[in-house]
Amino acid sequence: MKANELKKGMAIAIDGNNFIVKDVTVKSPSSRSGNTLYKVLYRNILTKQKMDKTYKGDDTLNEVELIRCTVQLLFSEQDSCTFMDSETYEQFSVDHDAIESELPYLTDGMEGITGLISEGQLLGIELPATIEMEIVETSPSIKGASASARTKPATFATGLVIQVPEYISQGERVKINTLTNEFVSRA
């Protein structure tokens, strides 16, 4: 596969080790003759070490086959989370380091998560595009504020903090875009 086809969550083999793509940043050329560069942040599947590499769009990479299945978060412990395959009921334990960018969205019993499995091991997870969460702390709502576009910070039980419109109050359930980390609507 080509570097310009890379997406977050893919598994790539580099020098005999398997890495999962954690982030891809595209850098467009500043001159007409320049090449578009793809800066990729990887995490080694076994050692959990992070690595970043930069590629040109037509560089070739070796993709590792992943099995995608629906999993449920059973519970979170001090340094790991336990997930269960929704079809086979097989359980997988994953270190917090492997899913650190997804952790603020995870609540015990959460369903609809996609697990990335290779060789019987859960390598990472993909969250749904939007999730619903309840606000545990925010400043009081302002009546009549629905016409303004001003926002205020809202904190959730997981520690996640996002900006919400002023008319939203504590205790309300809201939808959050997990890709952009932004408020979508009331739930």
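The values are calculated or read from the model by the stated rules, or taken from the named source; none is laboratory data. None of these values were measured; they are calculated from a predicted model. Glycine also receives a Cβ, built like all others from the backbone with ideal geometry; neighbour counts cover every protein chain displayed.
Kindly indicate the residue of the stretch 1-33 that is basic (Lys, Arg) and assigned to a strand (DSSP E or B) and also surrounded by the most Cβ atoms within 10 Å (Cβ to Cβ) among those meeting that condition.
Per the stated criteria, the residue is LYS22.
Of the residues in the stretch 34-82, how many are among the charged types (D, E, K, R), surrounded by 14 or more Cβ atoms within 10 Å (Cβ to Cβ) and either more than 18 Å from the chain's Cα centre (by Cα) or modelled with pLDDT of 90 or more (or both)?
Looking only at that region, the number is 2.
I'd like the full set of residues that are polar (S, T, N, Q) and more than 26 Å from GLY124 (Cα to Cα), limited to the stretch 21-61.
Across the stretch 21-61, the qualifying residues are SER28, SER30, SER31, SER33, ASN35, THR36.
Give, as residue ranges, the strands (runs of 3 or more DSSP E) completely inside the stretch 100-187 that count at least 3 residues that are within 30 Å of PHE19 (Cβ to Cβ) and touching a strand residue (DSSP E or B) at 6+ places or on another chain (Cβ under 8 Å). Show your work before the answer.
On the way: elements: 113-118, 121-126, 130-138, 151-156, 161-165, 173-177, 182-186.
Of the strands (runs of 3 or more DSSP E) lying wholly inside the stretch 100-187, those with at least 3 residues that are within 30 Å of PHE19 (Cβ to Cβ) and touching a strand residue (DSSP E or B) at 6+ places or on another chain (Cβ under 8 Å) span 113-118, 121-126.
Among GLU119, GLU126, GLU137, which is surrounded by fewer than 18 Cβ atoms within 10 Å (Cβ to Cβ) and free of Cβ contacts under 8 Å to residues at least 12 places away in the same chain?
From the options GLU119, GLU126, GLU137, the qualifying one is GLU119.
Look at GLU172 and say whether it is surrounded by 15 or more Cβ atoms within 10 Å (Cβ to Cβ) and touching a Lys or Arg at 6+ places or on another chain (Cβ under 9 Å).
Yes: the conditions hold for GLU172.
May I ask you to verify whether THR155 is among the hydroxyl-bearing types (Ser, Thr, Tyr), at negative phi and modelled with pLDDT of 90 or more?
Taking the combined requirement at face value, the residue satisfies it.
Tally up the residues in the stretch 34-75 that are of a type outside the set (S, T, N, Q), outside any strand (DSSP E or B) and more than 15 Å from LEU6 (Cα to Cα), please.
Counting residues in the stretch 34-75 that are of a type outside the set (S, T, N, Q), outside any strand (DSSP E or B) and more than 15 Å from LEU6 (Cα to Cα) gives 4.
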